[in-house]
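The values are calculated or read from the model by the stated rules, or taken from the named source; none is laboratory data. Everything quoted here is computed from the prediction, not taken from an experiment. Cβ sites come from the backbone with ideal geometry, for glycine too, and all protein chains shown count toward neighbours. Please note that ligands, DNA and RNA were not included when accessible areas were found on the heavy atoms of the full protein model with its side chains. Shrake-Rupley method; radii C 1.70, N 1.55, O 1.52, S 1.80 Å.
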Amino acid sequence: MKLFYGYLFSKLDLIGSKSEGPIYFLQQSDYSELLVRKKTHPWQTDPALHENLNRKVVVLGTVEDKAISYQRVWPREEKAVTVIRLEDYDERSNPTLQLELADSTPFYVNKQPPQPKMETFNLALSATWRFRSIWFGECPTSQLYDFSLYFGDDLVMRWSDDKVFMQVVTPVRIVGPSTLRLPVDWQFLSDKIEHEGSYTMKAIFLASQEEISKTFDIAFAH
């Protein structure tokens, strides 16, 4: 793994064919150019590369046959941030997660007739990167997180089950030290909750594949 510095630009490739699309190059300080292999189909843009287009960048990756297979790409100059050195780079390090349940416990589900009624969980998943550097993650789709509700070992419902997400690789970046806070108002029908008692809310931050959970009580309002 190596760090490459330069100016990122693109050209149009396979012009006139069904695979026509951008290819990316890194111009280095000696004016030499390296192809940066994208992680999408030939006719598609690469989100991680395209958001840094036409600017000075740092590319972490490996090179073979004058082409870089990149792991991460970020702007060369970040305000108030020390760009990490290669020896400081550690892919095993992940942000610290926190799960907020804004509602008081117990959470009351309205069981008064007529049923069912619309209820809302007010949630927030926070990812904190406490270092003076940049944390990079990647999600396989546009979905950044998910929440699941359990009663004992039984899955009651999952937030993403009725959602549709764009099927594009989505880069996630936290410029530290800072916190990425992801608030969610999860609406559901009250008949999904069949029992009173202790429930567990689980959250996953898909950019790091790490999970966090919190236990709370649910009671019925009749």
Test A221 against the criterion of being farther than 30 Å from T45 by Cα and open to solvent by less than 70 Å² (accessible area, probe 1.4 Å), and give yes or no.
-> yes
Does A203 satisfy the condition of being in contact with a Phe, Trp or Tyr (Cβ under 8 Å, 6 or more places away or on another chain), under 20 Å from N94 (Cα atoms) and crowded, with 16+ Cβ neighbours inside 10 Å?
-> yes
Give V63, V81 a once-over and let me know the one that is more than 30 Å from F188 (Cα to Cα) and modelled with pLDDT of 90 or more.
-> V63
Please go through the range 175-222 and pick out each residue that is closer than 30 Å to I134 by Cβ and among the hydroxyl-bearing types (S, T, Y).
-> S178, T179, S208, S213
Filter the range 27-57 down to the residues that are hydrophobic (A, V, I, L, M, F, W, C) and either closer than 21 Å to P140 by Cα or in contact with a Ser or Thr (Cβ under 9 Å, 6 or more places away or on another chain) (or both), then identify the one that is surrounded by the most Cβ atoms within 10 Å (Cβ to Cβ).
-> V36
Looking at I23, is it over 19 Å from T170 (Cβ atoms) and in contact with a strand residue (DSSP E or B) (Cβ under 7 Å, 6 or more places away or on another chain)?
-> yes
Considering the range 1-26 alone, what residues qualify as being open to solvent by 60 Å² or more (accessible area, probe 1.4 Å), among the aromatic types (F, W, Y) and farther than 22 Å from E138 by Cβ?
-> Y7
Here are I204, I134, I218: which of them is in contact with an Asp or Glu (Cβ under 7 Å, 6 or more places away or on another chain) and under 19 Å from V109 (Cβ atoms)?
-> I218
When both residues are 6+ apart or on different chains and their Cβ atoms are under 6 Å apart, which pairs have a first residue that lies in the range 1-16 and is in a strand (DSSP E or B), and a second that is basic (K, R) and surrounded by 10 or more Cβ atoms within 10 Å (Cβ to Cβ)?
-> Y7/K56
Give R181, R132, R173 a once-over and let me know the one that is basic (K, R) and either over 18 Å from the mean Cα position of the chain (by Cα) or part of a loop (DSSP other than H, G, I, E, B) (or both).
-> R132
Matching option when the condition is among the polar types (S, T, N, Q) and surrounded by 14 or more Cβ atoms within 10 Å (Cβ to Cβ), among T215, T179 | T179
Are there any pairs with C-beta distances below 9 angstrom linking a residue in the range 125-148 that is closer than 22 Å to V184 by Cα and among the charged types (D, E, K, R) to a residue that is open to solvent by less than 20 Å² (accessible area, probe 1.4 Å) and in a loop (DSSP other than H, G, I, E, B), with the two at least 6 apart or on different chains, and if so which?
-> E138/A207
